[in-house]
Each structure stands twice: as structure tokens, then as C-alpha cells.
Amino acid sequence: MTSLGDLPLRDDLRGREPYGAPQLDVPCALNTNENPYPPSERLVKALGEAVMDVAGTLNRYPDRDVLALRDDLAAFLNADTPGAGLTTGHVWAANGSNEIIQQILQAFGGTGRTALGFEPSYSMHPIITGVSGTRWVNAFRDEDFGIDPARAIAAVAEHRPDIVFLTSPNNPTGTALPLPAIEAVLDVAPGMVVVDEAYAEFRREETPSALTLLDGHPRLIVTRTMSKAFAMAGTRLGYLAADPAVVEALLLVRLPYHLSAVTQAVARTALAHGEELLGGVEALRRERDDLVAWLRGEGLRVADSDANFVLFGTFPDRRRVWEALLARGVLIREVGPPEWLRVSVGTPAEMAAFRTALKEALEESL
């Protein structure tokens with residue numbers, strides 16, 4: 001059989017591993033930061049009807065520029081962040097926020113250009129950067145997983161990146177960035193600044209969104225997703241808000257008819273039922289905060305989280321702890337800085353199972 005080594009693969013792709021978290025059949029899957037609450041029967045019916053409505057037109061291409069969906073997304077963002085003043089022209093959508101990131105790199109990155117980020121952070125940023133032929137620079141986060149504005153300014157001044165990635169709340173740490181830190185980067189960045197807000201709906205009340213900075217910052221891009229808070233991971237819908245000129249630039253690189261009619265219909269239906277879908281966010285916030293307090297009560301280090309997951313540690317052999325949890329039917333993520341583990345916030349029953357499994361795992365490792 002032909003092996004990968006026999007193919008004329010690009011040299012810069014050789015030795016790489018495909019991205020992906022383990023997909024295992026376990027009672028408690030708490031490793032991919034999904035919303036644990038499925039759509040209600042009422043919403044399932046509405047989604048089915050929406051798909052039925054477009055099923056008879058699938059012989060035709062969908063709306064190439066997804067105007068109706070973008071209009072709905074702008075309305076949602078304006079409600080989420082009063083005063084944002086976004087229109088359809090400020091918003092763009094694609095197949096998950098990863099395709100959004102890919103399009104940004106296709107438009108503003110490429111050979112001879114540089115993207116800069118602060119790791120540990122979302123691992124797809126450097127992966128997509130590399131695949132796009134863009135050079136990646138890691139400027140590193142502080143010990144508390146924050147970003148010191150002065151150090152960030154120095155990193156931007158040194159590397160002069162074409163794209164800067166800021167993730168808030170950050171994955172895998174859950175850390176949110178204060179607006180002054182984002183503004184400090186915006187003030188000195190020579191190119192685009194991307195603030196990845198995939199977990200924005202889970203942020204604590206006192207944590208503002210970078211959407212409030214869009215006015216007056218034409219090179220700022222704020223990315224979001226419907227995979228997390230909206231409980232629509234299977235829909236694969238990511239989107240961004242930016243100056244309309246940025247959207248025009250992305251139209252130059254997007255594939256024709258990139259969002260199917262079914263995806264658009266499902267996403268619009270989900271937005272129309274947003275109150276229901278986002279109704280569980282507050283419960284997940286409370287569960288997260290209770291989990292942080294419990295883990296600290298167990299003597300563990302825990303990163304402050306504005307997301308629907310918690311990074312905790314530290315373990316000399318985190319693989320041993322991960323395996324002990326898995327043996328008890330609880331799957332979490334071995335990701336981020338060494339000696340740390342990440343657990344997604346699930347239902348009360350799932351979190352009770354996690355607590356029991358972790359206590360047993362820790363006792364076993366003593």
C-alpha cells in the first residue's frame with residue numbers, strides 16, 4: 001500500500017499530526033467544551049421544519065453571501081453588546097470559526113508574512129497559520145496565563161506581525177483579557193488584530209467584549225461561534241464582526257457557496273430560538289464557578305475561567321491522572337501547559353461523576 005511518505009506532500013506538512021481530541025464512547029465526555037444540553041423537542045421540530053423548507057430547493061445553490069444569516073447574526077451581536085451598532089456588512093459567517101480563521105490568514109497572511117500569538121492558547125491558530133504558509137511567532141503568556149500589555153507591545157514591536165491573535169476567554173486556560181490589554185496591542189499592531197471570542201457568552205458579568213472596540217479600529221476582527229453557548233457544535237457555524245472593508249477582503253478568498261442552504265437554515269432557526277438555547281448559560285456559569293471553588297478546596301491550582309471549562313493542576317504525571325479518570329468513565333482533555341488538565345463543564349450529574357472520579361484518582365496516585 002502507498003504510504004504518506006510516498007506522496008509528493010509539501011515539505012512543511014511532513015511530520016505533522018492531524019488536529020483532534022480523542023473521540024471515545026464514555027459515560028461522561030468532558031473534553032471538547034460542548035454545551036451539554038441538547039435542543040428541546042420544540043426546537044428539534046423547528047429545525048426539522050427549517051430543513052424541510054429548503055429541501056425542495058437543494059438543486060439550486062444557496063445564498064452565496066449569506067445575507068439573511070448575517071443580518072440575524074448582527075441583530076444577535078447588537079443585543080449581546082448594546083451600542084455595537086453592527087449591520088449586515090460588519091458580519092461574516094463560515095463553516096465554524098476555524099474556517100473564519102483560515103480565511104483571515106488567506107487574506108492577510110501567506111508566504112513572507114507573520115502571525116503572532118500568546119501561548120498556551122487555541123492550538124488551531126498556529127496550525128492554520130502554518131498550513132497557510134504564514135510564519136508563526138509565539139510570544140508566550142505570563143505565569144498566570146494573562147498578557148502583560150507592556151510585554152505584548154514589545155513583542156509586536158520586535159516582530160511586526162501582519163496578524164496578531166488574542167484569545168479571550170482563552171482556550172485552554174479560560175482566562176479573559178481586560179480591554180486595556182487589547183487596546184494596547186491595537187495601538188501598535190501594524191496589521192490585523194484578531195480577538196477570538198469563541199466562549200464569550202460564558203464570560204462573567206464584569207468581563208466586556210472586544211466588540212465594544214470595533215468602532216474606530218478598522219483592523220480589529222472579533223470572531224465568535226455557535227458551537228459552544230448555542231449548543232450547535234454539529235451545525236459548524238462560525239462568524240466574525242469587523243469593519244465592512246474586512247468582510248470585503250474575505251470575500252476575495254472565500255470559496256463560492258461555502259455555506260450550504262441547510263447550514264444557513266439551521267443557524268437562522270437556532271438564532272430565532274436563541275433565548276432557549278442560551279438559557280442554560282447561566283447554569284453553566286454557576287456550575288463552573290462551583291467547580292473552581294471545589295478544585296481549589298481540594299488543594300489544586302486552578303486558572304480563573306470566563307469560559308465553560310476549567311484548567312486545573314498541577315500533576316507531575318498528568319497522563320496518569322487522565323488515564324485514571326478515563327478508567328472511571330470520565331474523559332477530559334490532556335492539553336495546554338505541562339502538568340495541567342482541562343475539564344469541560346457538564347450537567348450536574350456529569351460534574352458529580354467527575355468529582356468522584358478525580359478524588360479516587362488523586363487518592364490512587366498518593
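In the range 307-366, the qualifying residues are those that are hydroxyl-bearing (Ser, Thr, Tyr) and within 30 Å of ASN138 (Cα to Cα), and the one that is nearest to the chain's Cα centre (by Cα) is SER344. Take the range 205-215 and flag every residue that is surrounded by fewer than 22 Cβ atoms within 10 Å (Cβ to Cβ) and in contact (Cβ under 8 Å) with a residue 24 or more places away in the chain. If the condition is that a residue be surrounded by fewer than 22 Cβ atoms within 10 Å (Cβ to Cβ) and in contact (Cβ under 8 Å) with a residue 24 or more places away in the chain, then THR207, PRO208, THR212, LEU213, ASP215 are the ones that fit.
Counting only residues that are polar (S, T, N, Q), over 18 Å from ALA231 (Cα atoms) and buried (at least 21 other Cβ atoms within 10 Å of the Cβ), the range 280-330 holds 1 of them.
Output the residues belonging to the range 142-162 that are within 20 Å of SER209 (Cβ to Cβ) and free of Cβ contacts under 8 Å to residues at least 60 places away in the same chain.
Of the residues in the range 142-162, the ones within 20 Å of SER209 (Cβ to Cβ) are 145-147, 149, 152.
Residues satisfying the conditions are GLY146, ILE147, PRO149, ALA152.
Quick check on ILE221: is it surrounded by 24 or more Cβ atoms within 10 Å (Cβ to Cβ), free of Cβ contacts under 8 Å to residues at least 40 places away in the same chain and among the β-branched types (Val, Ile, Thr)? Show your work before the answer.
Values: surrounded by 24 or more Cβ atoms within 10 Å (Cβ to Cβ): yes; free of Cβ contacts under 8 Å to residues at least 40 places away in the same chain: no; among the β-branched types (Val, Ile, Thr): yes.
Here the answer is no, as ILE221 does not meet what is asked.
The set of residues in the range 269-306 that are closer than 30 Å to GLU49 by Cα and not aliphatic (A, V, I, L, M) comprises THR269, HIS273, GLY274, GLU275, GLU276, GLY279, GLY280, GLU282.
Report whether or not LEU30 is surrounded by 10 or more Cβ atoms within 10 Å (Cβ to Cβ) and assigned by TED's automatic domain parsing to the domain that holds SER344. Judged against the criteria, LEU30 is a match. Looking across GLU360, GLU350, one residue alone is surrounded by 13 or more Cβ atoms within 10 Å (Cβ to Cβ), out of contact with any helix residue (DSSP H, G or I) (no Cβ under 8 Å at 6 or more places or on another chain) and modelled with pLDDT of 95 or more. It is GLU350.
Rundown of residues vs (1) in contact (Cβ under 8 Å) with a residue 60 or more places away in the chain; (2) within 30 Å of VAL310 (Cα to Cα); (3) polar (S, T, N, Q), yes/no style:
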{"residue": "ILE182", "(1), (2), (3)": "no, yes, no"}
{"residue": "GLY191", "(1), (2), (3)": "yes, no, no"}
{"residue": "ARG203", "(1), (2), (3)": "yes, yes, no"}
{"residue": "HIS217", "(1), (2), (3)": "no, no, no"}
{"residue": "ALA233", "(1), (2), (3)": "yes, yes, no"}
{"residue": "TYR239", "(1), (2), (3)": "yes, yes, no"}
{"residue": "ASP243", "(1), (2), (3)": "yes, no, no"}
{"residue": "VAL253", "(1), (2), (3)": "yes, no, no"}
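Scanning the range 76-104 for residues that are under 16 Å from the mean Cα position of the chain (by Cα) and in a helix (DSSP H, G or I) yields GLY96, SER97, ASN98, GLU99, ILE100, ILE101, GLN102, GLN103, ILE104.
Beta carbons closer than 7 Å, at least 6 apart along the sequence or on distinct chains, never pair a first residue in the range 1-24 that is without any contact (Cβ under 8 Å) to a residue 24 or more places away in the chain with a second that is exposed (fewer than 10 other Cβ atoms within 10 Å of the Cβ) and not small (Gly, Ala, Ser).
The criterion of at least 3 residues that are charged (D, E, K, R) is met by the following helices (runs of 4 or more DSSP H) wholly inside the range 251-366: 281-297, 318-327, 348-365.
What number of residues in the range 324-356 are among the aliphatic types (A, V, I, L, M), in contact with a strand residue (DSSP E or B) (Cβ under 8 Å, 6 or more places away or on another chain) and touching a residue at least 60 places away in the same chain (Cβ under 8 Å)? I'd like the intermediate steps shown before the answer.
Of the range 324-356, the ones among the aliphatic types (A, V, I, L, M) are 324-327, 330-332, 335, 341, 343, 345, 349, 351-353.
Still in the list and also in contact with a strand residue (DSSP E or B) (Cβ under 8 Å, 6 or more places away or on another chain): 325, 330-332, 335, 341, 343, 345, 353.
From the residues that got through so far, the ones that are touching a residue at least 60 places away in the same chain (Cβ under 8 Å) too are 330-332, 335, 343, 345, 353.
Here the count works out to 7.
The values are calculated or read from the model by the stated rules, or taken from the named source; none is laboratory data. Given the structure is predicted, the values throughout are model-derived calculations rather than measurements. Backbone-built Cβ (ideal geometry, glycine too); neighbour counts: all protein chains shown.
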